[in-house]
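J.: Here you go, one structure.
The values are calculated or read from the model by the stated rules, or taken from the named source; none is laboratory data. Owing to the predicted nature of the structure, the values given are computational and were not obtained by experimental measurement. Reconstructed Cβ throughout: ideal geometry from the backbone, glycine too, with neighbour counts over all protein chains shown. Surface accessibility is based on the protein's heavy atoms, side chains included, excluding ligands, DNA and RNA. Shrake-Rupley method; radii C 1.70, N 1.55, O 1.52, S 1.80 Å.
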Amino acid sequence: MNREIEIKFRVANLSALARRLRTAGFRVLTPRTHEMNTLYDLPGEVLHRRKELLRLRKYGSAWTLTHKSGKKTGRHSSRVELETSVGDGEQMGLILRALGYSPSFRYEKFRAEWTDGKWQVVVDETPIGNFCEIEGAPRWIDATAKKLGVAAADYITKNYAGLFLEWKARTNSRAPEMTFKAVGAAIT
């Protein structure tokens, strides 16, 4: 089974982070690309209650379907991740609905992917702020975070749905989803 191990941290300055990544030996794998994500669940939030996630993602023009389960959270977030490419994401969404799933949360971002040849770092520009994810082996994550000037105390192990709920509570926002349009409309 594939296991995703990662941490996130908040990014105050995207340009400064890009400089630190280059200095640490990273290169851009995928430039800034739009990403739209829809989480699906069964009636009664069956997957949510089991701490599972079913996500249909459009990244640029590519679609993927992902299932995550078995979340363990310590200093790093760790989950079993199964993922496959999908030829027609809109049809996949219709298939999921026909099977009884319905969209439970949508979030979007602009993502750039960086690599040092071993593992990956992604930089996400979201409607609720900028974040960086470091994904790889635990020791590599910690060493990379240190190179980037990130302390373990700054690690975030929540997913974007959890971060959005925290942001809504902190800002009293009525935004129904974490999209640029919904968050922008809730602010004005």
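J.: Quick one: Karplus J couplings for the range 160-171, per residue in order, coefficients 6.51, -1.76, 1.60, θ = phi - 60°, nearest Hz, x for Gly and Pro?
T.: Going residue by residue, I get 5, 5, x, 5, 5, 4, 4, 4, 4, 5, 5, 9 Hz, with x marking Gly and Pro.
J.: Mind jotting down the distance between the C-alpha centroids of the range 75-154 and the range 1-52, whole Å?
T.: One Cα centre to the other: 2 Å.
J.: Where in the range 138-168 are there trypsin sites (Lys or Arg not before Pro) that are in a DSSP coil and have at most 14 other Cβ atoms within 10 angstrom of their Cβ?
T.: Answer by residue number: Lys158.
J.: Counting other Cβ atoms within 10 Å, which trypsin sites (Lys or Arg not before Pro) in the range 1-60 have at most 16 and lie in a DSSP loop?
T.: Those satisfying the criteria are Arg50, Lys51.
J.: Quick one: length gained pulling Leu165 to Leu29 fully straight, 0.36 nm per residue minus the C-alpha distance?
T.: 45.9 nm
J.: Further question on the same structure: Can you check how the C-alpha radius of gyration of the range 14-120 compares to 2.2 N^0.38 Å, as a plain ratio?
T.: 1.25
J.: Just to verify a number: FRET efficiency for Ala143 and Asn2, C-beta to C-beta distance, R0 = 22 Å, to 0.05?
T.: Efficiency computed from Cβ-Cβ geometry: 0.50.
J.: Using the Cα centre of the range 46-188 as the reference point, and only Cβ charges (+1 on K/R, -1 on D/E), how large is the resulting charge dipole? Debye, rounded to the nearest 20.
T.: For the range 46-188, the charge dipole is close to 540 debye.
J.: A further question on this structure: Once ligands and nucleic acids are excluded and a 1.4 Å probe is used, how much of Asp142 is accessible, expressed in Å² to the nearest 10?
T.: Roughly 40 Å² of Asp142 is accessible to a 1.4 Å probe.
J.: Can you pull out the chymotrypsin sites (Phe, Trp or Tyr not before Pro) in the range 45-154 whose DSSP state is coil and whose Cβ has at most 15 other Cβ atoms within 10 Å?
T.: Of the chymotrypsin sites (Phe, Trp or Tyr not before Pro), not one in the loops of the range 45-154 has a Cβ with at most 15 other Cβ atoms within 10 Å.
J.: For the range 109-187, what does the equivalent ellipsoid look like in terms of its semi-axes, each the square root of 5 times an eigenvalue of the Cα gyration tensor, given largest first in whole Å?
T.: For the range 109-187, the ellipsoid semi-axes come out as 28, 14, 9 Å.
J.: Which whole number in µm²/s is D for the chain by Stokes-Einstein, with the Kirkwood Rh taken over Cα pairs at 37 °C and 0.692 mPa s?
T.: Using the Kirkwood radius from Cα pairs, D works out to 188 µm²/s.
J.: With every protein chain present, what accessible area does Thr73 have (1.4 Å probe, heavy atoms only), rounded to the nearest 10 Å²?
T.: 80 Å²
J.: Continuing with the same structure: Set the Förster distance to 30 Å, then compute FRET efficiency between Thr157 and Arg20 from the Cβ-Cβ distance, nearest 0.05.
T.: Here the calculated transfer efficiency is 0.90.
J.: Could you order Phe180, Phe164 by accessible surface area, starting with the largest, using a probe radius of 1.4 Å?
T.: Correct descending sequence by accessible area is Phe180, Phe164.
J.: Picking from Leu99, Leu42, Gln120, whose Cα lies most toward the positive end of the charge dipole for the range 24-135 (charges on Cβ: Lys, Arg +1; Asp, Glu -1)?
T.: Of the listed residues, the answer is Leu42.
J.: Report for the range 105-179 the percent antiparallel among DSSP-assigned beta bridges with both residues inside it, nearest 5.
T.: Looking only at bridges with both residues in the range 105-179, the antiparallel portion is about 95 percent.
J.: Related question: With unit charges on the beta carbon (Lys/Arg positive, Asp/Glu negative), name the residue among Gly74, Ala152, Trp140 whose Cα is farthest towards the positive pole of the charge dipole of the chain.
T.: After comparing all options, I get Ala152.
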